[in-house]
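We did not get these values from a lab; they are worked out from the coordinates using the rules stated. Model, not experiment: these values are computed from the prediction. Cβ: placed from backbone, ideal geometry, glycine included. Neighbour counts: every protein chain shown.
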């Protein structure tokens, strides 16, 4: 059981730690996205680097790596420890993948904020709740044009949707991770939250100069 859990953590972390945004900008624009705007490797900052298509590709691939990490991680866990609870293995994989994205070993543990990858992991582990949370994200973004506010509110809404919409067995660890991942995402937005409170946060679609601190 311990070996299975360690392998789930390792596999999921490594999948989550693939720095998609960094690689896409490096390959296609010959730039280091960390030198642009906020220095973040996520989709929003990739978009601000001048790669509109790359921004969309970053979000999609970050989401897919989260999905893949949970699917593969849980499969590894169940194969090596058949008596284990599948949802616990999914939760362990989900947490590890998001931590991998936020703290990738390849970039000295300075990664993204986990929105797309967080959506991806729960799209497998708690699909209905993930879709409900991303709907909140989209609505808030459309109304306010603050990516950070949409991210924070989308993440904050997820545990409540999970309480309402996740059915079947809900072991304590699986339940805890449904709160832990959104809290990590919100914590990663602490600078954006300060700017939102101060009224200095930039809106999505504003000039790149005005957006240089946002991500």
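Return the tail of the calculated pair distribution for the stretch 38-80, meaning the percent of Cα-Cα pairs more than 13 Å apart. Summing the P(r) of the stretch 38-80 above 13 Å gives 58 percent of all pairs. For the pair the stretch 26-85 / the stretch 126-148, the C-alpha centres are spaced 18 Å from each other.
May I ask you to derive the FRET efficiency for residue 142 and residue 10 from their Cβ-Cβ distance with R0 = 41 Å, giving the value to the nearest 0.05?
Details: r = 39 Å, r/R0 = 0.95.
So, using R0 = 41 Å, E works out to roughly 0.55.
With the alpha-carbon atoms of the chain aligned to their principal axes, the span from lowest to highest coordinate is 55, 37, 25 Å, starting with the largest.
At 0.36 nm per residue, and after removing the present C-alpha to C-alpha distance, how many nm does the segment from residue 1 to residue 31 gain when stretched out fully?
6.5 nm
Classify the stretch 1-95 from the C-alpha gyration tensor, please: rounded if a/c falls under 1.5, else prolate or oblate depending on whether a/b exceeds b/c. Prolate is the answer for the stretch 1-95, as a/c is 1.5 or above and a/b outweighs b/c. Mind giving me the nanometre distance, one decimal, between the label points for residue 198 and residue 165, set 7 Å out from Cα along Cα→Cβ? Here the answer is 3.5 nm between the modelled labels.
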